[in-house]
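The values are calculated or read from the model by the stated rules, or taken from the named source; none is laboratory data. None of these values were measured; they are calculated from a predicted model. Glycine gets a Cβ as well: all are built from the backbone with ideal geometry, and neighbour counts include every protein chain shown.
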Amino acid sequence: MADLLTQAVRNNAEWCSLVCATHGAAGRFEFAAWVCRDLTPDYYPNLVTLRADCSAAQTALAQTLTDYPETLGIKDSFRTLDLAPHGFRRAIEGHWVRYAQASSPQTNLDWRPLTTVAELGRWEVAWGGDVHRGQRRVFLPAILALSSTHFLAGYFDERLVAGGIVTHADGVAGLSNIFTAPDVPDLVDAVLAEARRVADGTPLVGWRAGDTNAEVGESLGPLQVWLRERK
C-alpha cells in the first residue's frame, strides 16, 4: 500500500512536470518535493510534496516561493502540512486512489486517439466547458508528442462526450482530468474502462476530491491542496 501511494504521488508529480515543461516552466525534483518557480499553467501547482516525513523542509520550500506573483498552489500529497500560518488557504481535500477493476460497461462510445492540434483544442474545450473558454490554454501541441501520455476521447454521434488522461510513469498509470458531458449520464465507468485498457495491466491510480467510496476504488491515503492568492 505504502509503495503504491508513493508511486501514485510520484506519477502525478511527473505529470505536473511534463505539462509545465510544455509551457517553458522548468520544474525540478528535489528530495522532498517537486518545485517549479516559473509561471505554471492554470490548475497546476508550483510544489508537489513527495515524502510524508519532510514537513519542515517542505514548509520551508513553500516559504521560498512567497514572492511568486500569481496564485501559488501547493499539492500536499500526504496531508501533513499546515500552511495557514504562512498565508495559504486549504482549497481542496481528497484522496489518492487505486481504481477498482470492474467489468466494462455497455456503451456506444467510440474511443479515438488525439492526433492533431485541432482535436486537442476541441478536447480541452470539452474538458473545461464554458468556465474554461477564453482562458489561457493548458495543453499545448507539444504534449501530443509525449509517448508516456494518452488522451482519452470518447465520441457519441461524432460529439466528444467523455475523456481523461493516462500517464505512465514510476511503474503505475495515472488517470487525471476525467470529464463527461453533463447531459449524458453515467459515463464515468466508461472512462475508467478505457483507462484500464490503456493501462494494459499496470495499476491505475489517481486522486479524487472529497471522499472515496469502495465503488470507485481503494483509498491509498489523503491529500490536500493549498492556495495563496496572487499579490
Considering only segment 89-100, I want to know if a residue exists there that is over 13 Å from the mean Cα position of the chain (by Cα) and without any contact (Cβ under 8 Å) to a residue 40 or more places away in the chain.
no
Look through A57, A84, A91, A142 and report the one residue that is outside the structural domain of D189 (by TED's automatic domain parsing), within 20 Å of T40 (Cβ to Cβ) and of a type in the set (A, V, I, L, M).
A91
When you look at V225, is it out of contact with any Leu (no Cβ under 9 Å at 6 or more places or on another chain), within 26 Å of H168 (Cβ to Cβ), aliphatic (A, V, I, L, M) and at pLDDT 90 or above, yes or no?
yes
Filter segment 95-111 for residues that are modelled with pLDDT of 95 or more and surrounded by 19 or more Cβ atoms within 10 Å (Cβ to Cβ); the one that is farthest from F78 (Cα to Cα) is R98
Which of (1) modelled with pLDDT under 95; (2) surrounded by fewer than 16 Cβ atoms within 10 Å (Cβ to Cβ) does A181 not meet, given it meets every other one?
(2)
Restricting segment 174-190 to residues that are in contact (Cβ under 8 Å) with a residue 40 or more places away in the chain and part of a strand (DSSP E or B), the residue that is nearest to A8 (Cα to Cα)
G174
Is it the case that some residue within segment 44-59 is more than 17 Å from the chain's Cα centre (by Cα) and modelled with pLDDT under 95?
no
Determine, yes or no, whether A13 is outside any loop (DSSP other than H, G, I, E, B), in contact with a Phe, Trp or Tyr (Cβ under 6 Å, 6 or more places away or on another chain), modelled with pLDDT of 95 or more and surrounded by 16 or more Cβ atoms within 10 Å (Cβ to Cβ).
yes
Can you tell me how many residues within segment 134-173 are among the hydroxyl-bearing types (S, T, Y), closer than 25 Å to P203 by Cβ and without any contact (Cβ under 8 Å) to a residue 60 or more places away in the chain?
1
